[in-house]
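Everything below concerns the one structure shown next.
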Amino acid sequence: MDRSSKRAGLTLVAITLAAVLGTSIFSPGQTQNQAPRPATSRADEMLGMWNGIGNKLVAMAQDFPEDKYDFKVQPDQRTFAQNLLHVAGVDYDLLRSISGSNIGPDFGKNKHNPSRDVYKTKADVVKLIQQAVADGANVIQQQGDTGLDKITRLPWANQLVHSSYMWTFAIEHSAEHYGQLVVYYRANNMVPPDSRR
């Protein structure tokens, strides 16, 4: 056998072994016929999404250095702390409408932008965002699937919507601010907590 024939034979054996071993290594315990996990309730799905983004924001609030809490990338943007306060403010506005109660602190006239004069320290901001996430989770759990179908008035518009719409809005709004805060991390040569896994 010449060298090129040996090389071709070895290459074929290597490819075959890689294919056989690759499928068994990269899919342990799974078969093509395995049934997917069943869906959970709509409220549990919403709770998972709410807690998912909420916990990312809480982790950032706890992790970001306090001496950088008043950092902003551009002069016309909110500071790191103001972004978190804004998320909590909007969340509580929606929670009040969804729950039909006066849940959460009174933020005064500018209810979507709680004052940094009131929430002066990192601990104050962390506590507020943690409480907003916890209060939201409690409302979702208390109201369940039925609560998602409840018709509610948007707090800032003369419009009726399902509560599920408001939850989705709040989650999406939080995710937008999460993305902004990732930029704040990167501008300070830091890696956000969720990217360190």
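Overview of results
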| quantity | calculated |
| --- | --- |
| Filter result for the condition that a residue is out of contact with any helix residue (DSSP H, G or I) (no Cβ under 7 Å at 6 or more places or on another chain), open to solvent by less than 50 Å² (accessible area, probe 1.4 Å) and in a loop (DSSP other than H, G, I, E, B), over 89, 108, 104 | 108 |
| Condition check for residue 59: within 18 Å of the chain's Cα centre (by Cα), farther than 17 Å from residue 181 by Cα and in contact (Cβ under 8 Å) with a residue 60 or more places away in the chain | no |
| Test: residue 136 is modelled with pLDDT of 95 or more, closer than 16 Å to residue 56 by Cα and small (Gly, Ala, Ser) | yes |
| Which listed residue, of 22, 29, is more than 29 Å from residue 140 (Cβ to Cβ), modelled with pLDDT under 95, of a type in the set (Gly, Ala, Ser) and surrounded by 10 or more Cβ atoms within 10 Å (Cβ to Cβ) | 22 |
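The values are calculated or read from the model by the stated rules, or taken from the named source; none is laboratory data. Not measured: the values here are computed from a predicted model. All Cβ positions, glycine included, derive from the backbone under ideal geometry; neighbour counts span all protein chains shown. Accessible surface areas use protein heavy atoms only, side chains included; no ligands, DNA or RNA. Shrake-Rupley method; radii C 1.70, N 1.55, O 1.52, S 1.80 Å.
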